[in-house]
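The values are calculated or read from the model by the stated rules, or taken from the named source; none is laboratory data. Computed from a prediction, not measured in an experiment: that's the story for all the values here. Neighbour counts are summed over all protein chains in view; Cβ atoms, including those assigned to glycine, are modelled from backbone coordinates with ideal geometry.
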Amino acid sequence: MRKGRSVWVIGFLLLLPGFAVAQQPSTPPDKVDQYVRSEMEKRRIPGLALLVARDGKIVKARGYGFANLEHKVPVKPETVFQSGSMGKQFTATAVMMLVEEGKLGLDDKISKYFKETPEEWKDVTIRQLLSHTAGFTDYPRDFNFREDYTEDELLKKAMAIPLAFAPGEKWQYSNMGYVTLGILIGKVTGSFYGDFLQQRIFRPLGMSATRVINEADIIPNRAAGYRLVKGEVKNQEWVSPTMNTTADGSLYFTILDLAKWDAALDTDRLLKRSSLQLMWTPVTLNDGKPNRAGYGFGWRTGDIRGHRIVEHAGAWQGFTSNISRYVDDKLTVVVLANLAGANPENITHHVAGLYDARLMPPPEKPIEDKEPQVTVFFGDLLQKIADGKADPAVFTADLQKELFPEAIKEFADTLKEWGQRESIALLRRGEEDGNRAYRYRVVFEKVSVEVELVLTADNKVAGFGMRQ
């Protein structure tokens, strides 16, 4: 249920005030609709909302499928979805507003604002928290998401987790870092971070449906979240009210509100252009090199066929989301889905390619496999998982805790549903924190997936994830 982490192992147009709608989409609508519907069927996504905007104008805003399966409520542009870690860009924007006002400094030590911080936090800066380079990790494995916490209690839990590395040394995605930033916003402003977002961002932009999650309130047009368990669609798992209010990604969105947000990012209405550009620039590490993820502040950066892109995905409580902004091409695509593991990034990228062929992601070609023994080991591992015979000793201790016993069983069921394996091809090979990292394309009878395998020096499996 963790926000923003990859899922491992396993209409009509409403005219908005002040918004112009492009008269002629650059690709036939039915082509996009056909693609979206086919992906929903393949991935078993109950409902999805799609936004395409160009030059701050809505080109397409449409819902597909159902917001609620039990009541057969269709998705529409006004349907409300949970954000997951797409919400981090709003937390980062709030911090940058305080930086512009002189209330925070990017290179301020967070110990300046919090009393009794651990000694190893003494060099942690706000810049590093924003960019996931502070050494912070994620929620501990024994963290109880069904317990309510005060902000002081959450902060103490964050302080009790040892840093994974020296601040600024590496990049590692951290929800706890953004939880801490939300508490910091409250400390500096005297207001709950969600109230600050309402006052400074949501209300000024007319984002009337966007707010911090509250499952007790009556929320018009709210979608239900779902997950797949042994091939069956199930309702989302529940968390405590507290865990739906943290700054790592606990917001409600509609695509219509996100259209307003997207248009504002092309102006200086919220932040100076220099601040936005800083947010969209990969933060450098202590060695002077950009971080490996291309992460700025609340945004990932990169390119597709040489076209610059800033984007962020999210995952939480049976919802997944993604916003991709092709900043030089003035094109934005947003996908909100109500299924865990829906992988909306691929959908946003492909839809962008349908509107502009230059943006279509190229198919990744296999590379020369210089370590066939690793490929044989990987194929054997997949078969043993499918047969229920995977040996926990093959995995690192940390990954054993993640996978066994439940996750590995769910993965085995998924592999059986996909049918016989037809081929394995190596797509990438690299080094990551002293480990060997491989990416394979695996073709089964019913589906093609990409799998990432990470091996330690002593050939223990330290990372194992896949996406369709």
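Conditions (1) crowded, with 17+ Cβ neighbours inside 10 Å; (2) of a type in the set (A, V, I, L, M); (3) within 12 Å of the chain's Cα centre (by Cα), marked per residue:
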{"residue": "Lys289", "(1), (2), (3)": "no, no, no"}
{"residue": "Thr301", "(1), (2), (3)": "yes, no, no"}
{"residue": "Ile309", "(1), (2), (3)": "yes, yes, no"}
{"residue": "Ala313", "(1), (2), (3)": "yes, yes, yes"}
{"residue": "Ser324", "(1), (2), (3)": "yes, no, yes"}
{"residue": "Val335", "(1), (2), (3)": "yes, yes, yes"}
{"residue": "Ala340", "(1), (2), (3)": "yes, yes, yes"}
{"residue": "Pro344", "(1), (2), (3)": "yes, no, yes"}
- Note on the structure: Among (1) buried (at least 18 other Cβ atoms within 10 Å of the Cβ); (2) modelled with pLDDT of 95 or more, Val451 falls short only on (2)
- Message: If I go through segment 186-227 residue by residue, how many of them are farther than 28 Å from Leu104 by Cβ and in contact with a helix residue (DSSP H, G or I) (Cβ under 8 Å, 6 or more places away or on another chain)?
- Response: 3
- Task: Answer yes or no as to whether Phe66 is in contact with a Pro (Cβ under 8 Å, 6 or more places away or on another chain), of a type in the set (Phe, Trp, Tyr) and buried (at least 16 other Cβ atoms within 10 Å of the Cβ).
- Result: yes
- Item | The lone exception for Gly388 - which of (1) surrounded by fewer than 17 Cβ atoms within 10 Å (Cβ to Cβ); (2) assigned to a strand (DSSP E or B) it fails | (2)
- Message: Among (1) of a type outside the set (Val, Ile, Thr); (2) surrounded by 15 or more Cβ atoms within 10 Å (Cβ to Cβ); (3) assigned to a helix (DSSP H, G or I), there is one condition Trp171 misses while meeting the rest; what is its number?
- Response: (3)
- Query: Between residues in segment 452-468 that are over 14 Å from Glu431 (Cα atoms) and residues that are assigned to a loop (DSSP other than H, G, I, E, B) and at pLDDT 90 or above, which pairs lie under 6 Å by C-beta distance while being six or more apart or on different chains?
  - Reply: Lys460/Thr396
- Query: Within segment 97-149, restricting attention to residues that are of a type in the set (Asp, Glu) and more than 25 Å from Asn286 (Cβ to Cβ), which residue is surrounded by the fewest Cβ atoms within 10 Å (Cβ to Cβ)?
  - Reply: Asp142
- Can you tell me which of Arg421, Arg439, Arg429, Arg358 is at pLDDT 90 or above, more than 23 Å from Gln317 (Cα to Cα), basic (Lys, Arg) and touching a helix residue (DSSP H, G or I) at 6+ places or on another chain (Cβ under 8 Å)? Arg421
- Would you be able to say whether some residue in segment 202-216 is modelled with pLDDT under 95 and either part of a helix (DSSP H, G or I) or within 19 Å of the chain's Cα centre (by Cα) (or both)? no
- Does segment 118-125 include one or more residues that are more than 15 Å from Ile255 (Cβ to Cβ), of a type in the set (Phe, Trp, Tyr) and at pLDDT 95 or above? yes
- Task: Select from segment 322-380 the residues that are touching a Leu at 6+ places or on another chain (Cβ under 7 Å), assigned to a helix (DSSP H, G or I) and aromatic (Phe, Trp, Tyr) and write down the one among them that is nearest to Pro77 (Cα to Cα).
- Result: Tyr355
- Those residues that are within 23 Å of Lys57 (Cβ to Cβ), over 21 Å from the mean Cα position of the chain (by Cα) and in a loop (DSSP other than H, G, I, E, B), I need them from segment 263-279; list them, please. Asp266, Thr267, Asp268, Arg269, Leu270, Leu271
- Query: So, of the residues in segment 225-245 that are under 16 Å from Ala407 (Cβ atoms) and in contact with a strand residue (DSSP E or B) (Cβ under 6 Å, 6 or more places away or on another chain), which turns out to be surrounded by the most Cβ atoms within 10 Å (Cβ to Cβ)?
  - Reply: Arg227
